[in-house]
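Take a look at the structure below.
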Amino acid sequence: MSSPTLIPLWPREGSDKRVVAVSKMLCRSAASGDIDFGQMARSVNLSPSRLRHLFTIEAGISPLHYVKLLRLRRARSLMLQTFLSVKEVMSESGFSDISHFVREYKRAFGETPSETRRGLSAKIANK
């Protein structure tokens, strides 16, 4: 159940420029875990609650969910393109708890990170 389009295709034409700016900030800071949503809201002259509301309307998901999807997308990419261990991938993608990471990864992709890696190894071996 691999989903290459975890994150909705947006911003759409006419999207609120403040929300687009914050989405770019979230993309840059998602893996680091250093997200100050209040500061991001202030940078676009909105209160955090108003920004959350606008973000959810524009993106169709909350900012928190958006960050989680960004982190999961990064984790999948690292699992497929590197030889990092699952714990290293977890850390590099902004997660801090292995069981939470594996559970969320499986929910998003239908397989555990280790299963992703084994599937990739099998595909390489069959070539």
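The table for this structure:
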| quantity | calculated |
| --- | --- |
| Test for V89: is it within 20 Å of D16 (Cα to Cα), among the aliphatic types (A, V, I, L, M) and either part of a helix (DSSP H, G or I) or at pLDDT below 90 (or both) | no |
| Considering residues of segment 94-107 that are within 21 Å of C27 (Cβ to Cβ) and of a type outside the set (S, T, N, Q) only, the residue surrounded by the fewest Cβ atoms within 10 Å (Cβ to Cβ) | E104 |
| Those residues of segment 31-63 which are at positive phi and crowded, with 19+ Cβ neighbours inside 10 Å, in sequence order | none |
| Filtered residue count, segment 64-93, keeping only those that are free of Cβ contacts under 8 Å to residues at least 40 places away in the same chain, among the small types (G, A, S) and crowded, with 22+ Cβ neighbours inside 10 Å | 1 |
| Among (1) in contact with a Ser or Thr (Cβ under 8 Å, 6 or more places away or on another chain); (2) closer than 19 Å to S29 by Cβ; (3) in contact (Cβ under 8 Å) with a residue 60 or more places away in the chain; (4) not hydroxyl-bearing (S, T, Y), the one test that G110 misses | (2) |
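The values are calculated or read from the model by the stated rules, or taken from the named source; none is laboratory data. Computed from a predicted structure; not experimentally measured. Because the Cβ atoms are built from the backbone with ideal geometry, glycine has one as well, and the counts that use them run over all protein chains shown.
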